[in-house]
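The values are calculated or read from the model by the stated rules, or taken from the named source; none is laboratory data. Model, not experiment: these values are computed from the prediction. Using ideal geometry, Cβ is built from the backbone for each residue, glycine included, and neighbour counts are taken over all protein chains shown. The accessibility values were calculated without ligands, DNA or RNA, using every heavy atom of the protein model including side chains. Shrake-Rupley method; radii C 1.70, N 1.55, O 1.52, S 1.80 Å.
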Amino acid sequence: FERFNATQTEFDGGMILGGYTFPTSAKANDIVSVDLYWRLDQRVRDELIVFTHFVRVGEGQPLVQHDDSPCSKGMPTTRWVPNALYPDRHDLKLPGDLKPGQYEVRVGVYRWPSQERLAVVTSDKKILENSVLVLGVVEVR
């Protein structure tokens, strides 16, 4: 089942994550779609890239990751209008040999081309390294 989760997570520079969905369970070879809902509270000068990581609970290295412009390059953040809502999907293809267990979905934002990560200013989610949100857990069976 997918769940919609509201959050008020603000990154440095005014990038705000207002909500997200992803499946709570999956199996090897599945595609886990992570839907993010973004807005800006002000215009931005730098193009921003969103990264989505799939990490076994208790480990640091992502097993799967997806980095892309929000909205799949259809509308770069430099052209976003403040306070409009921008849906953004990141598909994570799980490996065929993925072991059962619990995996975290982690998300963050960085500037392009410098790759400087944006710090999380405020959030109701767990924050790692000042710039990575742990959105929740997917049970792999």
For Asp97, are the conditions met, namely being part of a loop (DSSP other than H, G, I, E, B), under 23 Å from Asn5 (Cβ atoms) and of a type in the set (D, E, K, R)? no
Neighbours by Cβ (under 6 Å, 6+ apart or cross-chain): first from the range 57-69, touching a residue at least 40 places away in the same chain (Cβ under 8 Å); second assigned to a strand (DSSP E or B) and exposed (fewer than 15 other Cβ atoms within 10 Å of the Cβ): Val57/Gln102
So which residues in the range 3-32 are hydroxyl-bearing (Ser, Thr, Tyr) and either at pLDDT below 95 or loosely packed, with under 15 Cβ neighbours inside 10 Å (or both), if there are any at all? Thr7, Thr24, Ser25
At pLDDT 95 or above, open to solvent by less than 10 Å² (accessible area, probe 1.4 Å) and over 19 Å from Pro23 (Cα atoms): is that true of Leu118 in this structure? yes
